[in-house]
Structure formats: C-alpha cells, structure tokens
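Student: Below you will find the structure I want to go over with you.
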Amino acid sequence: MKISKILLTAAALSLATASLAADDFDDFGFDDFGSEGSSSSGSSLPIEFSGDLTLDVRDYFMVDDPKGIGETSIEATPQAKLGVKYDGGKAAADLQLKIDETTIKEYPIDVIDELTLSAYLGNFTLSAGKMKVVWGKGDKLHVIDNFNADDYTDFIIPDYLDRRISTPMIRGVYAVPLNSRTVSNVMIEGVYTPIMPVDRFASDGVWKPTKVSELEETVIEAVGTNLGLKQAAVDAVVATSTGGAAGAAIVTTAAYQTALRDYIEYQSYASSFSASNLYPDTNKFKYGQGGVRVTGSIGQVDLGLSYYYGHYKQPSVNLEKYAISKKARLLGSSSTPYALPELAYDKKQTFGLEFSTILWKFNLRGEGCFNLTDDVAGDDPWVHNNSIQWLGGFDIDLPFWDANLNVQETGTYILKNNKIEDSIYKTLDVDYAETGYTNNKLVVNFTTSFLNGKLAPEVTALYGFEHKDLVVMPKVTVKPASSFKIIASGLAMWTADEEKSEFGFWHKNSFVQLGAEVSF
C-alpha cells in the first residue's frame, strides 16, 4: 500500500471519532523496566509539548578468535522524538514523532510514531489513529500482545515499546460501573485494525537474519534451476564471450544461444532481486485484526481474559511447488512449470489469560495462551501448528543500593509435533527446530541507583535454554542535570552451537555504545 493510502486510512479512522487522546498503557498492565517519561513544559493551555534528542555512537567489534578483536565498524545515530498532547476534557489528541535517518529513508510513514485521537463519552472511551496497544501483565515480555508488529532491524536492543510498529486501528474501552469489596476496575476493551504491518528485519548489515539470506539464496538458485541453467552451459557462455574455444566445443550454436539468453536473464534477475517482492501485501482488509479483552480485579489479584483474531507477523515458507519443480528439472524435464518458494502469513486465533498480584514483597505476573491455527491436525508442514505459550515472573525491590531485581521466564510448546513422518518434509516444517519443539528463555534485569538517581547502573541478561544462547546488555546512565543524560551501554553474545543457535548468525555482533540524551 502506498504511503498516501495509509495516511488516508489513518485519516478515515480519525474522522470516525472526531476527536483524539493519549493512550495510557499503565491502565492495562504495561510497566517498563525502570522506564522514565519525558518532562513537559507547563502551560495554562490544554496543550503539552515534550521530546527527546539523542545521539548514539556504537562500535561493533567482531571477535574472530579468543586472542584478539577482528573487524571494527563504528556508526553514529542521531534521533529526535517529539510529542504534542491536547486535552480538551471531552476530546484529546496525542501526536508522537520519530525522526532519524533510517525512518525517513526506508519507513517514512513511521515518522508519525503514534497519532491517537480520542473521545471521552462517560464510561466509554473511543480512540482511533496510528496506535500502539499493549495487552498483558508481563514486563517488556508478552505472549498475548498481538496487534502491533516488532521492528528487529536493530535486534532486541531498543525497549519493547520502541520496537513496536504502530498500526492504524480503532479502539474502544468501557469502564464497567461495578465496584465492590470483591470485584473492581472491570474494563472491556475492543480493538480492530483494517490492515496488518508485519515484523520488520534488516535487509542488510550486521543484523540481517540468516533466514532472510537463505531465502534469497534459495530463490536465486530456483531461478537458475527453472531456467535450465547447467554448469556446462554457463561455462560455455563465459568461455565464448571471452574469446575462448571451449564454448564451441561444449555446445552447439543453438544450445549456446539458449544458454546465453538464459544466463543473461538469470544474471539480470539475481542482480535486481529483492526479497520484499516475495512477501504478500498485508495492507489489505483480509489481513485485518480484531480482538476483545476483559480485565478486572478480584481482591488483590488483577486478572484478564482476551481473544485475538489475525495472523502471524512472520511468514511461513511453502517449498512444495519449488521442490517438485527443482526435482523435475534436475531429472531433465523442460515442461515442468516455473516455481518459486511461496510465503504466507498464517491465520491464528489466540485465547489469552493474564494475572498480576503482590505476595509479600514480590510483584508477581503471568500470561498464558493457546494459539489456534488452520493446521489443527499438525500434518501440514507449510502451516504453523497449534501451540501454547506462557510467561511467568516477578520483581522485587532489594534492601540495598535502591536496587530492583526483575526475573521472567517465557516459553512456547508446539502441539502435535510428531504428525509429519517423512524425514524431508519434517525438516522443512515451519515449526521444525533441531533443538525440539519447545523454546524457553529466561530474562533477568537488575537495576540500581546512586547519588539521588544521578548514577544508575543496569544489566539485562537473556538465556535461551534449548539453543544455549546468552545475551548480556549492560548500561550505565549518568544524569549530571535534570534533563540531560549520558548513557554508556553495550551487548555481548555467546552461542554454544552456531548451527543450532537461535542467535548464531549474530554471535559476533557484540558492541559498546556511548550516547547523550536531552529531554524536554
């Protein structure tokens, strides 16, 4: 969909409400690891301005051996975030802008990071715009939060909300007028998005995923196979074009002309190939998303039930037609139809449950869900199986250094994973992994604060049990003035087995980073 069409969609949603307002994520269970909001200028008018100006300088050091540091790549990234909020009592507006080089050049529509228009109608709030909505009680980790896709072009380094890609949507929230000693704070929420942005990955550079590279190689190889390119014919083309006599000895004149035509076509395709051409266009109504969520408190326990209907944000690859075509071509058939891998975003329905409560000094939280797909039997290798996901964790304020410890574990289990018996199709199954059909990760975050908040060390560590991946991200924030920060951070990654690792392709992408930030 062109940018103008997306803007028209957002405008139509905005007109449907004739008003705007800010989204309050905290009311729905979202809580960052020690997140800190920007200050805003005081005003007698119901308008507030805020912003963050940052400059980060990152130095990648590719560790090639235990004794030294290999190739080094340094990059500087300036960014500006600007916000304008209006609150007129019955209507409100929230505009958040994100300005940086990558966004302007590659994703200009996302310069408008969020645009929320809201009308307050008694106990009912109606909102529309280009929005981010967070479902679930997890802290920067969720298994029931499905509406917004993720931007992984910078891996998982940005905070959770900064990674989320805003989506044109309509949202209604009804506060049920029910308060008793047992049940309180009951809210019913409905969300609809007419289109579906999908997860975003780097197309080049150090964070380009292995799967994207493999897909590109497979498609280019498929083009060569379907054009009937044989190495002998290619050698003939090269030899003849350079004046050698080998070409004439290998093929006849007619075969040479055919090989030359195919070779030129193949080279043209390979040089202009873009993986984005393979992906379905999800900016269509058939990729719309919808869902309902009910939250409330029973005593000191906050509970929630939710239902989501939509699609996976990452594609499944169907290799059946490609494999048949390749096999036939290798056996000498020239009549088999041309075929490439096919990509699809599988449908799914998610039935979710969430809770949070306080037990002694522990803030407990959890989420769980069942994902229902079109492959209920589990025997279609090209479609995701049904699955269950979970998240559980806690955080606790420690009695020293103004410290906080946050621990969460999240996992997935693929159901009916033994229904594909053919060894070839089993390894091509979209759910297949060498390490099995579970995927568990432990995330630990430790924060401290000294000198009345002027010095704030922090470290986050992620460990993948099945893949044996370890990612450690330390950070130290120095705040010499109330609106000025200097932030030193970094990332170190270890993998036990590059082939089986989930992050193996990036195991050399460790870096150190120094940044400055001014908030207003």
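The values are calculated or read from the model by the stated rules, or taken from the named source; none is laboratory data. This is a predicted model, so every value here is computed, not measured. Here Cβ is always computed from backbone atoms with ideal geometry, including for glycine, and neighbour counts include all displayed protein chains. All accessible areas refer to the heavy atoms of the entire protein, side chains included, with ligands and DNA or RNA removed. Shrake-Rupley method; radii C 1.70, N 1.55, O 1.52, S 1.80 Å.
Student: Per q in 0.15 1/Å, what log10 I(q)/I(0) does a Debye calculation on the alpha-carbon atoms of region 415-520 return?
Tutor: After summing over all Cα pairs, the log10 values are -0.76.
Student: For region 424-474, what is the Kirkwood estimate of the hydrodynamic radius, computed as the reciprocal of the mean inverse distance between distinct Cα atoms, to one decimal in Å? Each step should come with its number before you reach the end.
Tutor: Values: mean 1/r = 0.0729 Å⁻¹.
It is 13.7 Å.
Student: Here's a follow-up. Using +1 on the beta carbon of Lys and Arg, -1 on that of Asp and Glu, and nothing else charged, what's the dipole of region 359-455 about the Cα centre, debye to 20? Intermediate results must be reported in sequence, preceding the final value.
Tutor: Values: 7 positive and 14 negative charges, 117 e Å.
I would put it at about 560 debye.
Student: Send over the semi-axes of region 389-464's equivalent ellipsoid, whole angstrom and largest first, taken as the square roots of 5 times the C-alpha gyration tensor eigenvalues.
Tutor: Details: eigenvalues 351, 27, 8 Å².
Here the semi-axes work out to 42, 12, 6 Å.
Student: From largest to smallest, what semi-axes in whole angstrom does region 49-184 give when each is the square root of 5 times an eigenvalue of its alpha carbon gyration tensor?
Tutor: Details: eigenvalues 286, 83, 30 Å².
Taking √(5λ) for each Cα gyration eigenvalue gives 38, 20, 12 Å.
Student: Only sites in a loop by DSSP and with at most 16 other Cβ atoms within 10 Å count here; which GluC sites (Glu not before Pro) in region 401-498 make the cut? Walk me through the intermediate numbers first.
Tutor: Details: sites: Glu409, Glu421, Glu434, Glu458, Glu466, Glu498; in loops: Glu421, Glu434, Glu466, Glu498.
Loop-located and lightly packed - Glu421, Glu434, Glu498.
Student: Probe of 1.4 angstrom, ligands and nucleic acids ignored: what's the accessible area per residue over region 287-409, in square angstrom? Display every interim value, and only then the final one.
Tutor: Details: 6000 Å² over 123 residues.
Per-residue accessible area for region 287-409 comes out at 49 Å².
Student: Still on this model: For region 132-223, which whole percent of the accessible surface, found with a 1.4 angstrom probe, sits on carbon and sulfur atoms?
Tutor: On the way: 1860 of 3420 Å².
About 54 percent, which is the carbon plus sulfur part of the accessible surface.
Student: Quick check: Cα centre of region 131-161 to Cα centre of region 101-115, how many Å?
Tutor: Centre-to-centre distance over Cα atoms comes out at 18 Å.
Student: Which of Gly436, Phe362, Trp401 sits farthest toward the positive end of the charge dipole of region 362-454, with +1 on the Cβ of Lys and Arg and -1 on the Cβ of Asp and Glu?
Tutor: Most positive-ward Cα: Trp401.
Student: Taking the Cα atoms of region 141-188 alone, what are Rg (to one decimal) and Dmax (as a whole number) in Å?
Tutor: 16.2, 47
Student: Might you tell me the accessible area per residue for region 102-198, computed with a 1.4 Å probe and given in Å²? Show your work: numbers first, answer last.
Tutor: On the way: 3520 Å² over 97 residues.
I get 36 Å² per residue for this part.
Student: Could you state the principal axis extents of the C-alpha atoms in region 342-483, from the largest down, to the nearest angstrom?
Tutor: Computed over the Cα atoms, the extents are 62, 29, 27 Å.
Student: Continuing with this model, one more query. Greater than 32 Å separation of Cα atoms is the criterion. Which listed pairs, Lys284/Lys475; Lys348/Lys475; Lys140/Lys500; Lys98/Lys286; Lys130/Lys508, meet it?
Tutor: Working: Lys284/Lys475 41 Å; Lys348/Lys475 37 Å; Lys140/Lys500 26 Å; Lys98/Lys286 29 Å; Lys130/Lys508 36 Å.
Going by Cα-Cα distance, Lys284/Lys475; Lys348/Lys475; Lys130/Lys508 fall outside the 32 Å limit.
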